[in-house]
Amino acid sequence: MVINGTMIWYSQICERQVWLIGHSIEPFQEHERLEYGRTIHELFYERYTKEMLIDSVIKVDVVKRKGMVAEVKASSKNLDGARAQLLYYLYYLKKEKGVVAVGQILVPTEKRIINIELTPENEREIENILRRIEHIISLSRPPEPVKIFYCRNCAYKEMC
């Protein structure tokens, strides 16, 4: 099983979402929050390279310059997830490609930029997240739904 950035992001919100995507069960693609996120990606940062897919594992939203990658988010509601996702990208680039990069979380609707660097402590955090995701995916059934703040706007809502 290949762990991608979306799974890392979901791991900071809901284990059930991790299991579903890990078993190739995609969320409702026309969900308004997903559509909104895609629109934000299209509208901002036109002068940069966008959505660079690397090894079918990570999809970097924006490459601002050599050694700087960015993750674009529609809001700052789940910065923990965005941070983990971007750290995973930096980790993957370092471990699999030998590229040491820095990152930014971009929230254009709020005019926010958050700088992210991969430290040894962050590497251990990502390794722990990867182990947790592997465990979740190995389960024969999805974890039971747990109602949280994010459920209200979740594209997987109908599956809970």
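Worth a mention:
- Carbon + sulfur, % of accessible area of the chain - ligands and nucleic acids excluded, 1.4 Å: 50
- Cross-link table Lys111/Lys157; Lys77/Lys111; Lys73/Lys97; Lys66/Lys94; Lys73/Lys95; Lys111/Lys147, entries beyond 19 Å C-alpha to C-alpha: Lys111/Lys157; Lys73/Lys97; Lys73/Lys95; Lys111/Lys147
- Segment 107-152: Rg to Rh, with Rh as the Kirkwood radius over Cα pairs: 1.13
- Whole-number accessible area per residue in Å² for the chain, which is evaluated in the context of all protein chains at 1.4 Å: 59
The values are calculated or read from the model by the stated rules, or taken from the named source; none is laboratory data. Since we're looking at a predicted model, the values are computed, not measured. The protein model used for the area step is the full one, side chains on, heavy atoms only, and it has no ligands, DNA or RNA in it. Shrake-Rupley method; radii C 1.70, N 1.55, O 1.52, S 1.80 Å.
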